[in-house]
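K.L.:
Input: one structure, supplied below.
The values are calculated or read from the model by the stated rules, or taken from the named source; none is laboratory data. Please read all numbers here as calculations on a predicted model, not as lab measurements. Cβ sites come from the backbone with ideal geometry, for glycine too, and all protein chains shown count toward neighbours.
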Amino acid sequence: MIRPFGEAVAEGIGIVDPDERFIYVNRGFTRITRYSRHEMLKMRVWDLIDRRASEIVRKQAKLRKAGEASRYEIEMRRKDCSKVTAWVSAAPILDDGGRFAGTLAIVMDVTKTKKAERELAAANELLESLLRAIPDIVYFRDKGGRYSYVNPAFEKETGKTLKEVLGKTPRQILPPDLSQTVFKSDRQVLEGDGVAVSEDQVATWPDGRRKYYRADKVPVLDARGKVVGLVGISHDTTEDKSMEESLRASGAQARSLIEFQNRVIDTAAVWVTVLDGDGNITLWNHAAELISGYSKEEVQGHNKVWKWLYPDPDYRARVSDRMRDAVMGGRGAKEFETTIKCKDGSSKMIAWFDSVISDDKGNRVGGIAIGLDVTERESLEKELEALAKYPSENPNPIMRASNDGLVLHANPASGPFLKSWDSGVGLALPSLLRVPVIGASASGEQKNVEVDQDGRVFLFTIVPVPGESYVNLYGRDITTIKEAEKRMEHRAEELERLVAKRTERLVEVERFAAIGEVASAVGHDLRSPLQVMTSVLYVIKEKLASLPPAYKEAIDEPHMSQSIDIMHDSVKYMGTIISDLQGFISRVTPRLSEVDVAELVDRTLKGMELPPDIKVHVDTQRVPVSTRVMADEAMMMRVFTNLITNAVQAMPKGGSLTVAASQEKEKDWISVDISDTGEGISQENMRKLFTPLFTTKDRGTGLGLVICKRIVAAHGGRISVRSKVGEGTTVSVELPLARGS
């Protein structure tokens, strides 16, 4: 009777004797195992299963021998060695005497069903995880507008738990101005034909916060396509608005710095020229126009001016090589002189002082050339030659010496010099002049030597006489010129430092403005994908938790949950980077109120999950009970949370965390010290602590301490750090007292 029935059904039906040997199988069973009926009648149950399934089958076989039916799931091997998941329903067969005579089993192939269940569970778990972890506000409301689900971000923003919100309407939960806007858009979604709505919202919360949101709502449909509710996501855009204002302020500051720098350079009394790496003129100040005769409109944007100033090609090549060596070689020659041809055809002697311009990576990108008109000094040197014709009447020292440095003649004005040198006619010159005399005689080229005499500086020009065995020495008091040169050189150095400092400041402002633009774009473009990822991870984790134990074991649920947690932490970290970047360039405007420091510290610690190996000590007894500070509570909680997190991360092997608040007598501020017993900070890193984007962590933005410092400064306070390597670090935050405290 079993055979006609067995051949008519799609499921596998088999009968085995007490030794688990097949004595009957239907066509459905052969389709599942891919063995022929003839092959299976020679097999036992154990030939189709592995060791793990064998343990399950043996346990179930004992139940059947005791007269009990059983249902269980096992994995079987097909003839082609592939595996199939099967659901087995087995019942004992008894003989006329009531003794166990075998087993009747119905086998169903559930391989595809199990795979679909796993995929569905994973998708649901991912969605649940995302809804919990997403930083934006997510909520579900039914057809009547009542909340059926809200995520943790909703709880945090409203201050109400999921239990308090369920079954309530927006009018019962949200501020009046926001609930009115929500009610109108809800009607559009719930009463429309699958219409999605996006809108900007404003909320004034009971604690005085004014927040801006961008809300997106879509209808939830049942299997018949009817609207049964809605799901909404609201993104906090308050910081985006603040960031837009900060970017506008940064642009104005950059323009102001540029205008100031141009005014300083253009009013300088010396020739200032800025060149790019190819020698093209990018800046030509007013003094350069006056000295050369060429206007900035004529010279900027190209390097043709060098051909105009140095029309002789050979001379121009020598000047160009020397200037390039000074500017691009980085040697920065102290001074070198050239003769230029001005626009009016006159010639002038220019003393050049050069320096290198480098970018923030140390690459040379151009140079600054500062020129001093020394034509008058050259004229004075020529005047010396004319005065030498009248040595006896000349008030300046004039001497003649042999080629080996013996004094042959000296005018009266040379007397004081010879006396101080213990020299005279027929005697040798001092070495500071004798050596140059010998050199000039040998080379045939004149040399200049500066000599200090009774607090004055004299320039001796040594002039070889062609065909003669002597040289002439012409001296002139150049004290005034040297003092003027020193003043001009000092002024040039000051101007160079000022230009470099203003340029560095301008680059920094432009860099911060660029960071702001990038942060705004990144924050806008990445938040939505991160929200989706967070929601999907949440759904996956929740669904994993709700699976039956057998399914959890089959999919290795602990390992999968651990992987989801790692993914969630990474998504959360990416969100932190975006928040830090936006916080860094956002304007800090605290909403001040009287705050109890002890309560603020206590709430901060309660809101943090600290490792069990960190011992926490809190000491706020040194602050009078009635003492308050003026602070934005949310901002200062962010500061303390950041500093405490840094302290905990500095103690990877555990340690002591101390948070102490104190007020010194007759002082108008309160100090909160956060101390750890961690690794400490090196002196080199201490100098960089508040430098934007500097971090020693593997996963860090380098903006946390910078943001903390900005927040504390906006409160009129200050932040300082003390640290010793190997002993730990203390960060002190000082805040002004509220009036009357």
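K.L.:
Hey, can you tell me all the residues within segment 339-363 that are modelled with pLDDT under 85 and charged (D, E, K, R)?
P.N.:
Across segment 339-363, the qualifying residues are Asp354, Asp359, Asp360, Lys361.
K.L.:
Name every residue in segment 643-657 that is crowded, with 18+ Cβ neighbours inside 10 Å and closer than 23 Å to His715 by Cβ, in order of residue number.
P.N.:
Start the filter on segment 643-657 by keeping residues that are crowded, with 18+ Cβ neighbours inside 10 Å, which leaves 643-644, 646-648, 650-651, 655, 657.
Result: Leu643, Ile644, Asn646, Ala647.
K.L.:
Further question on the same structure: Residue by residue through segment 56-82, note down the ones that are within 57 Å of the chain's Cα centre (by Cα) and surrounded by fewer than 12 Cβ atoms within 10 Å (Cβ to Cβ).
P.N.:
Once the filter is applied, which keeps residues that are within 57 Å of the chain's Cα centre (by Cα) and surrounded by fewer than 12 Cβ atoms within 10 Å (Cβ to Cβ), segment 56-82 yields Asp80, Cys81, Ser82.
K.L.:
If you don't mind, another one. With segment 1-108 as the region, which helices (runs of 4 or more DSSP H) entirely inside it contain at least 1 residues that are free of Cβ contacts under 8 Å to residues at least 60 places away in the same chain, over 27 Å from Pro548 (Cβ atoms) and in contact with a helix residue (DSSP H, G or I) (Cβ under 8 Å, 6 or more places away or on another chain)? Let's see the steps before the verdict.
P.N.:
Details: elements: 2-8, 27-33, 37-40, 51-65.
Answer list for segment 1-108: 2-8, 27-33, 37-40.
K.L.:
Within segment 644-655, how many residues are within 17 Å of Lys606 (Cα to Cα) and either over 21 Å from the mean Cα position of the chain (by Cα) or at pLDDT below 85 (or both)?
P.N.:
Applying the first criterion (within 17 Å of Lys606 (Cα to Cα)) to segment 644-655 yields 644-648.
Subsequent filtering for residues that are either over 21 Å from the mean Cα position of the chain (by Cα) or at pLDDT below 85 (or both) retains 648.
So the count comes out to 1.
K.L.:
A further question follows. Regarding Ser198, is this residue farther than 30 Å from Glu557 by Cα, among the hydroxyl-bearing types (Ser, Thr, Tyr) and not in a strand (DSSP E or B)? Outline the logic, then answer.
P.N.:
On the way: farther than 30 Å from Glu557 by Cα: yes; among the hydroxyl-bearing types (Ser, Thr, Tyr): yes; not in a strand (DSSP E or B): no.
Criteria not met by Ser198.
K.L.:
Could I ask something else about it? Within segment 275-317, restricting attention to residues that are among the hydrophobic types (A, V, I, L, M, F, W, C) and touching a Ser or Thr at 6+ places or on another chain (Cβ under 7 Å), which residue is modelled with the lowest pLDDT?
P.N.:
Our first condition is that a residue be among the hydrophobic types (A, V, I, L, M, F, W, C); within segment 275-317, this holds for 275, 281, 283-284, 287-288, 290-291, 299, 305-306, 308-309, 317.
From the residues that got through so far, the ones that are touching a Ser or Thr at 6+ places or on another chain (Cβ under 7 Å) too are 275, 281, 283-284, 288, 306, 309.
Details: Leu275: 80, Ile281: 88, Leu283: 87, Trp284: 88, Ala288: 88, Trp306: 83, Leu309: 88.
Going through the qualifying residues, I end up with Leu275.
K.L.:
Taking the criterion of being in contact with a Phe, Trp or Tyr (Cβ under 9 Å, 6 or more places away or on another chain), at pLDDT 70 or above and polar (S, T, N, Q), would at least one residue in segment 328-338 satisfy it? Steps first, please.
P.N.:
Within segment 328-338, the first condition is being in contact with a Phe, Trp or Tyr (Cβ under 9 Å, 6 or more places away or on another chain), and the residues that meet it are 332-338.
Restricting the remaining residues to those that are at pLDDT 70 or above gives 336-338.
Remaining after also requiring polar (S, T, N, Q): 338.
Yes: one or more hits.
K.L.:
Residues in segment 589-608 that are part of a helix (DSSP H, G or I) and either of a type outside the set (Asp, Glu) or in contact with a Leu (Cβ under 8 Å, 6 or more places away or on another chain) (or both): how many?
P.N.:
If we filter segment 589-608 for residues that are part of a helix (DSSP H, G or I), which is where we start, we get 597-606.
Filter once more, so that each one left must be either of a type outside the set (Asp, Glu) or in contact with a Leu (Cβ under 8 Å, 6 or more places away or on another chain) (or both): 597-598, 600-601, 603-606.
Selection size over segment 589-608: 8.
K.L.:
Of the residues that make up segment 699-714, is at least one in a loop (DSSP other than H, G, I, E, B), among the hydroxyl-bearing types (Ser, Thr, Tyr) and either on the phi > 0 side of the Ramachandran plot or modelled with pLDDT under 85 (or both)?
P.N.:
Yes: segment 699-714 contains one or more residues that are in a loop (DSSP other than H, G, I, E, B), among the hydroxyl-bearing types (Ser, Thr, Tyr) and either on the phi > 0 side of the Ramachandran plot or modelled with pLDDT under 85 (or both).
K.L.:
May I pose another question? In the same structural domain as Glu727 (by TED's automatic domain parsing), among the polar types (S, T, N, Q) and modelled with pLDDT under 85: does that describe Thr641?
P.N.:
Working: in the same structural domain as Glu727 (by TED's automatic domain parsing): yes; among the polar types (S, T, N, Q): yes; modelled with pLDDT under 85: no.
Here the answer is no, as Thr641 does not meet what is asked.
K.L.:
Additional query: Collect the residues in segment 96-130 that are surrounded by 14 or more Cβ atoms within 10 Å (Cβ to Cβ), small (Gly, Ala, Ser) and over 30 Å from Asn151 (Cα atoms), keeping them in residue-number order.
P.N.:
Within segment 96-130, Ala101, Gly102, Ala105 meet the criteria.
K.L.:
Just one of (1) at pLDDT 90 or above; (2) touching a strand residue (DSSP E or B) at 6+ places or on another chain (Cβ under 8 Å) trips up Arg34, so point out which.
P.N.:
In the conditions (1) at pLDDT 90 or above; (2) touching a strand residue (DSSP E or B) at 6+ places or on another chain (Cβ under 8 Å), Arg34 misses (2) alone.
K.L.:
Name the strands (runs of 3 or more DSSP E) wholly within segment 431-504 that hold at least 3 residues that are without any contact (Cβ under 8 Å) to a residue 60 or more places away in the chain? I'd like the intermediate steps shown before the answer.
P.N.:
Values: elements: 447-453, 456-464, 470-477.
So the answer is 447-453, 456-464.
K.L.:
Now for a different question. Only one of these is touching an Asp or Glu at 6+ places or on another chain (Cβ under 9 Å) and in a helix (DSSP H, G or I): Asn685, Asn646. Name it.
P.N.:
Values: Asn685 fails: touching an Asp or Glu at 6+ places or on another chain (Cβ under 9 Å).
Going through Asn685, Asn646 in turn, just one is touching an Asp or Glu at 6+ places or on another chain (Cβ under 9 Å) and in a helix (DSSP H, G or I): Asn646.
K.L.:
With the structure loaded, tell me whether Gln201 is over 36 Å from the mean Cα position of the chain (by Cα) and more than 28 Å from Val595 (Cα to Cα) or whether it fails that test. Walk me through how you get there before you give the answer.
P.N.:
Numbers: over 36 Å from the mean Cα position of the chain (by Cα): no; more than 28 Å from Val595 (Cα to Cα): yes.
No, not satisfied.
K.L.:
Any idea how many residues of segment 445-481 are among the charged types (D, E, K, R), surrounded by fewer than 15 Cβ atoms within 10 Å (Cβ to Cβ) and at negative phi?
P.N.:
First pass over segment 445-481, keeping only residues among the charged types (D, E, K, R): 445, 447, 450, 452, 454, 456, 468, 476-477.
This time we only want the ones that are surrounded by fewer than 15 Cβ atoms within 10 Å (Cβ to Cβ), so: 445, 450, 452, 454, 456, 468.
Those still in the list that are at negative phi too: 445, 450, 452, 456, 468.
Total satisfying the criteria: 5.
K.L.:
Let me ask you something else. Please state which one of Asp240, Asp216 is modelled with pLDDT under 80, closer than 30 Å to Ser535 by Cβ, surrounded by 15 or more Cβ atoms within 10 Å (Cβ to Cβ) and in contact with a His (Cβ under 9 Å, 6 or more places away or on another chain). Spell out the reasoning first.
P.N.:
Details: Asp216 fails: modelled with pLDDT under 80.
Checking each option against the conditions leaves just Asp240.
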